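The structure appears right after this line, and notes come after that.
Each value in this text was obtained by applying a stated rule to the coordinates, not by laboratory testing. Since this is a predicted model, take the numbers as computed values, not measurements. So basically every Cβ, Gly included, is an ideal-geometry build from the backbone, and we count neighbours across all protein chains shown.
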Amino acid sequence: MTLALDTVDAAVPAPTPSPAPAVPAVVGADLPVPLVTGGRIGYANLDHAASAPCLAAARAAVDEFLPWYASVHRGAGFASRVSTAAHTEARDAVHRFVGARRGDTVVFTRNTTDALNLLARAVPRHTAVVLFDTDHHAALLPWRGPHVHRVPTPTDPLAAVAAADAALAACPTGPRLLVVTGASNVTGELFPVAALAAVARRHGARVALDAAQLAPHRPVSLRELDVDYVALSGHKLYAPFGAGALVGRADWLRAAPPYLVGGGASALVERRGDGLGVAWHAGPERHEAGSPNTVGVHALGVACAELAAHWPAVIAHERRLLDRLRRGLAAVPGLTQLSLFEGSQVDRVGTVSFVLDGVDPGWLAAVLSAEYGIGVRDGAFCAHVATRRLVARAGQPAGPAVRASLGLGTTAEHVDRLVRALRRVVARGAAWTYAREDGRWVPSPDPRPLPPFLGDGPGRPG
């Protein structure tokens, strides 16, 4: 069915349509979802910043690979040789995707959080770490010790560079690391990574880039940005099969104790008296103990290659939709879009967070889903310091917000549907009743059936 909206919606002028550039296809782009008011509508997935759908190319690659799936590195069988080759090719694909230097290593992890925790375990003892307190928790929380400096994020990029400069200058003598976010997962704003890296170099510091939100939207190059490490997640790169990566200089990783211990990380184990002697691998396997997620890393490598082949179309698609979204939101009464860098014309990826005067973000997200088939995120987005600070700056009680994030599966209709739905909620409220259950707003009652593959277990609506 087509969602019918009335004259409230007509207040939003429709921009002149333009041909959409060809972007890689994603699985579920035509997914129908049920509405509490009856019928179904195509799902408007505006939650790509949390997890992106699977690329059609990644799914096809996984389907092709699965019959060959076997153990890697140590198997003599032909399927093991095929799996080992796929694993190696994926490592090479990720290396190319992030513009890594010769000698840089690619360590496969579960996600960005895992990658940054690995790096935190690998930095030399007494390393001074500088980062911004508005970072995602994956970058904010792993660091420990007396020489961790969390810098409040200033209100413009130049001030951010100056603040990092001052913090690094105040660090004690010894190894130093500046942790930088590529793009805010709250506002989508790009940080001045190259300028921050230049400041770090003047102080003899290394740079770690959290590219979880940047890599799905823009090319990333360790060489061009002059950073030492980059962390990313497959589930945000349209390869949701449980793989991520830490890519960068090998020396700290080679010198550090293994992140996990077990098979694969050990080159040799032998009895020595009453104990064991262990020789650990020096390469990326040192931190990849256990049977690797070969299916996941294969999908990640394919997704990296697919995005790299389509960057001009991907960027144009997102910029056109982001402009449409920001203009539409600006016309919604009582709505405030959040920005870290107030008044600065900075580049952004397709992520916008906002608050609506007097409206609970969790309730609003539930209404958008139940009545309009729109998926957004509400909360503090695992960046509690940033979100609460920006919500308070917007004149609302310091707390959660609503985030809409665009991606390859987003269409102009999805964007327009969100804007029309917000205007209708402002004008008329909800068409259904809602209640809080386990801290979340949910439709009450909720007649929407879950898909058949989930069965009829407890908690199933309807």
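So the values come out like this:
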{"read-out": "Gain on full stretching of the segment that runs from residue 156 to residue 81 - 0.36 nm per residue minus C-alpha separation", "value": "21.8 nm"}
{"read-out": "0 to 90° range, to nearest 10: angle between helix 361-372 axis and the chain longest Cα axis", "value": "70 degrees"}
{"read-out": "Simple label model, 7 Å out from Cα along Cβ direction - residue 278 to residue 63, nm", "value": "4.2 nm"}
{"read-out": "Degrees, to the nearest 10: 294-308 long Cα axis against longest axis of the chain", "value": "70 degrees"}
{"read-out": "Those residues of region 274-310 whose amide nitrogen sits under 20 Å from the label point placed on residue 89, 7 Å along Cα→Cβ", "value": "292-310"}
{"read-out": "Kirkwood-based shape ratio for region 204-288, expressed as Rg/Rh from alpha carbons", "value": "1.10"}
{"read-out": "Ascending count of other beta-carbon atoms within 10 Å, so fewest first, for 346, 419, 180", "value": "346, 419, 180"}
{"read-out": "Of all DSSP beta bridges in region 57-308, antiparallel share, percent nearest 5", "value": "55 percent"}
{"read-out": "Using distinct alpha-carbon pairs, which all enter the 1/r mean, Kirkwood radius of region 57-308 in Å", "value": "18.8 Å"}
{"read-out": "The chain - charge dipole about Cα centre, Lys and Arg +1 at Cβ, Asp and Glu -1, debye rounded to 20", "value": "700 debye"}
{"read-out": "Computed [θ] at 222 nm, deg cm²/dmol, the chain (DSSP H ≥ 4; -39,500 (n - 2.57); rounded to nearest 500)", "value": "-10000 deg cm²/dmol"}
{"read-out": "Per-residue Cβ neighbour rank within 10 angstrom, fewest leading, 259, 238", "value": "259, 238"}
{"read-out": "Spin-label model distance (nm) - residue 435 vs residue 137, 7 Å beyond Cα toward Cβ", "value": "2.9 nm"}
{"read-out": "Length gained when the stretch residue 223-residue 198 is fully extended (0.36 nm per residue, less Cα-Cα span)", "value": "7.8 nm"}
{"read-out": "Residues residue 331 and residue 71, FRET efficiency given R0 of 60 Å [Cβ-Cβ distance, rounded to 0.05]", "value": "0.60"}
{"read-out": "Per-residue HN-Hα couplings for region 318-331 [Karplus 6.51, -1.76, 1.60; θ = phi - 60°; Hz; x = Gly/Pro]", "value": "5, 5, 5, 6, 5, 4, 4, 5, 5, 5, x, 5, 5, 8"}
{"read-out": "Nitroxide proxy distance, nm - points 7 Å out along Cα→Cβ at residue 37 and residue 269", "value": "6.1 nm"}
{"read-out": "Amide H within-cut-off set for residue 243, under 5 Å, with H built and near neighbours excluded", "value": "234, 235"}
{"read-out": "Proxy reagent accessibility, fewest Cβ within 10 Å first, across 171, 382, 304", "value": "382, 171, 304"}
{"read-out": "Antiparallel content of DSSP bridges confined to the chain, in %, to 5", "value": "65 percent"}
{"read-out": "Between 0 and 90°, nearest 10: helix 412-428 axis offset from the chain longest Cα axis", "value": "50 degrees"}
{"read-out": "Beta bridges per DSSP with both ends in region 85-196, % antiparallel, nearest 5", "value": "10 percent"}
{"read-out": "Reciprocal of mean inverse Cα separation for the chain (Kirkwood radius, Å)", "value": "23.7 Å"}
{"read-out": "Rounded FRET efficiency, nearest 0.05, which uses the C-beta distance separating residue 29 from residue 166 and R0 of 56 Å", "value": "0.75"}
{"read-out": "Amide proton proximity set for residue 351, modelled H, under 5 Å, gap of 5+", "value": "406"}
{"read-out": "Cα-based convex hull volume of region 338-401 per residue, rounded to whole Å³", "value": "97 Å³"}
